[in-house]
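K.L.:
One structure, pasted below without further comment.
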Amino acid sequence: MKKTMLVGIFGLALAVVGMGVPANGQDKKEAPPKAAVSPSQALLDAWNDVGRKLTAMAEDFPEDKYDFKPVPAQRTFAEQLLHAANANYFFTNPAMGRKPPAGEDPKREDYKTKAAVAAFVKKAFEDGAAAIKFKGDKGLNDLVVDPFANQQVRVSDMAWGLLEHSGEHYGQLVVYYRVAGLVPPESRPKK
């Protein structure tokens with residue numbers, strides 16, 4: 001009798017505990033997943049995210065360290081930003097029916113201040129975002145000529161490639177921050 005009573009109490013306790021946990025292991029009704037964004041929206045979101053990060057760095061890094069470089073063979077902090085931002089025009093210009101830039105690297109003397117560099121970075125990403133919006137989903141399949149490979153590529157492929165290029169330079173600039181004894185904006189605690 002005691003054994004039967006203990007089994008009954010144990011079973012009742014399990015039932016009470018189990019009532020609070022749904023069978024699927026989640027504590028509230030699961031909402032259906034959101035629909036996928038369109039291809040152009042996914043590209044635009046990624047483009048704007050890396051643009052936001054590089055612009056934040058351009059606006060944050062101390063101006064007196066803008067010509068800092070970890071070793072002599074590398075670009076300075078400012079030159080890295082100018083190079084990464086200018087590369088966007090190898091996507092933006094062909095996507096909008098214009099010629100690509102004449103060179104890869106704008107001259108530092110043409111962007112003497114932190115404000116001028118930051119404005120160039122911000123504008124380069126805004127121009128790229130405008131091109132993505134203009135092209136939309138259908139226009140992402142338009143063909144342009146990749147000036148580096150002299151080959152036709154889809155607008156989307158050119159944009160994703162230059163987005164990846166910006167990500168590489170973002171990573172390099174994180175190292176510049178760390179070597180200079182600073183913490184990059186994305187690595188700081190969120191308020």
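K.L.:
Pick from the range 159-184 the residues that are touching a Lys or Arg at 6+ places or on another chain (Cβ under 8 Å) and assigned to a helix (DSSP H, G or I): which of them is surrounded by the most Cβ atoms within 10 Å (Cβ to Cβ)?
P.N.:
Across the range 159-184, the extreme among qualifying residues is Tyr176.
K.L.:
Additional query: Within the range 24-80, restricting attention to residues that are crowded, with 19+ Cβ neighbours inside 10 Å and of a type in the set (Val, Ile, Thr), which residue is nearest to the chain's Cα centre (by Cα)?
P.N.:
Ranking the candidates gives Val50 first.
K.L.:
A further question follows. Count, please, the residues in the range 109-158 that happen to be more than 15 Å from Tyr89 (Cβ to Cβ), in contact (Cβ under 8 Å) with a residue 40 or more places away in the chain and in a loop (DSSP other than H, G, I, E, B).
P.N.:
Total meeting the criteria: 3.
K.L.:
Another question, if that's okay. What are the residues in the range 76-115 that are among the basic types (Lys, Arg) and closer than 21 Å to Asn150 by Cα, if any?
P.N.:
Those that are among the basic types (Lys, Arg) and closer than 21 Å to Asn150 by Cα: Arg98, Lys99.
K.L.:
Follow-up. Give me the residue from the range 143-158 that is in contact with a Lys or Arg (Cβ under 9 Å, 6 or more places away or on another chain) and aliphatic (A, V, I, L, M) and, out of that set, nearest to Gly128 (Cα to Cα).
P.N.:
Residue satisfying both the conditions and the ranking: Val155.
K.L.:
Please specify each residue of the range 71-108 satisfying the condition of being part of a loop (DSSP other than H, G, I, E, B) and of a type in the set (Gly, Ala, Ser).
P.N.:
Result: Ala73, Gly97, Ala102, Gly103.
The numbers here are math on the coordinates, done by the rules we state, and not lab data. Owing to the predicted nature of the structure, the values given are computational and were not obtained by experimental measurement. Counting neighbours? That spans all protein chains shown, and the Cβs are built from the backbone with ideal geometry, glycine included.
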